[in-house]
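A short write-up of the structure that comes next.
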Amino acid sequence: MLNRLSLPTNALHLLGLAAAIAPGLILRNPAVGLIGGAIYVLLLGSNPISQSSHYAKLALQSAIVLLGFSMNLGAVVALSSTYAGVVTGYVLATFAIGLVLAKLLKIDPITGGLLTIGTAICGGTAIAAAAPLLKADPGRIGVALGAVFLLNLVALLTFPHLGTWLDMSQVDFGAFAALAVHDTSSVVATAAIYGQDAAEVATTVKLGRTLWLVPLVIFLGIWRNGERGGDALRRASIPLFVVLFIVAAGIATWVPLPDLAVSSAASISKLLLVVALFLVGLELNRATLARLKGRDGLFAVVIWLVMAPLAMIGVMAVSS
């Protein structure tokens, strides 16, 4: 897991990593975990954990599955149905606005496409899925991922305060975070800071938004690469952790689980979320910070600033 270093250096890195993640684990605050990881890697100058993004993904997906054990499947279905129209409107509006904005700002079509897709669906995951279909080079992918990462950080640090200032309910804030924040990890973390109920709502609505990856991949496969419908369909698949989350919610609904088991699953889920965000923070570097510059950075910020209020309006319309 740690890069090849001498034993004393490994020990120092382990102690440093433990000290950096400890505040987040003690406070059970994903934002503190993210900041700890970011500060550590910026001070060190390099990420000491190889494949940290892979481990962050595993920690996040495990956290989401465990969160399912504290939810009712009927409530999950009801929430998904309630916000299905808002999610659909948000995704389609983002694509339309992104297309117009990219032309106005004269953004490279591939970079603009990646940033629009990341804003519309699920940040880095959507960008990674679309990049090979758009034949994006590493430079364009890096710009898109860097911009999304930094905007996730801004949302994580500001949205919970915004929700408190606006006196938003747990349900409304969870739905808002599920739409207005890019990556799934940051969505769940932002909502978890606001409250457990907000985290459950955000997870459910966000997973519904994530499922838009399936038609996106099919569309891009046919339009950009001339794939046959069957080939494009095979390329698209529902993520396994989404299925496991639904299974966990089903078990919690129909099997009388002990209260201790449910509370333990929720506690471990929150700790795993802190770990996931800490590992995400380790991905921050000076090059990432530099990517939010110029027209590409302006495009990423503007489309986010346009869509976030629209997400708020959609959520409030549903709750009214």
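Things to note:
- Each Cα pair under 8 Å and six or more residues apart adds its sequence gap; the mean of these over the residue count of the range 91-221 is a relative contact order of 24 percent.
- Calculated mean residue ellipticity, 222 nm, the chain: -26500 deg cm²/dmol, from DSSP H runs (n ≥ 4) at -39500 (n - 2.57) each, averaged per residue and rounded to 500.
- Relative contact order of the chain: 35 percent, from C-alpha pairs under 8 Å at least 6 residues apart in sequence.
- The chain shape via C-alpha gyration tensor axes, a/c threshold 1.5: rounded
- A simple rule links phi to the HN-Hα coupling: the Karplus curve 6.51 cos²θ - 1.76 cosθ + 1.60 with θ = phi - 60°, which for the range 87-96 gives 4, 4, x, 5, 4, 5, 5, 5, 4, 5 Hz, with x for Gly and Pro.
- Other residues with beta-carbon under 14 Å from the beta-carbon of residue 163 carry, at +1 per Lys or Arg and -1 per Asp or Glu, a net charge of -3.
- Computed from backbone phi, the HN-Hα couplings of the range 169-178 come to 6, 4, 5, 5, 5, x, 5, 4, 4, 4 Hz, rounded to whole numbers (Karplus: 6.51 cos²θ - 1.76 cosθ + 1.60, θ = phi - 60°; Gly and Pro given as x).
- Here the gap between residue 268 and residue 165, fully extended at 0.36 nm per residue and compared with their Cα-Cα distance, gives a gain of 34.1 nm.
- Rounded FRET efficiency, nearest 0.05, which uses the C-beta distance separating residue 157 from residue 316 and R0 of 25 Å: 0.65
- Cβ-derived FRET efficiency at R0 56 Å, residue 260 paired with residue 295, nearest 0.05: 0.55
- Relative to the current alpha-carbon distance between residue 27 and residue 75, full extension at 0.36 nm per residue lengthens the span by 14.4 nm.
- Spatially proximal lysines relative to residue 270 (Cα-Cα < 30 Å; intrachain offsets below 8 disregarded): 57, 206
Bear in mind that the values in this text are calculations on the coordinates, not laboratory data. Remember, it's a predicted structure, so these values are computed and weren't measured experimentally. Quick reminder, even Gly has a Cβ in these numbers, built from the backbone with ideal geometry, and neighbours come from all protein chains shown.
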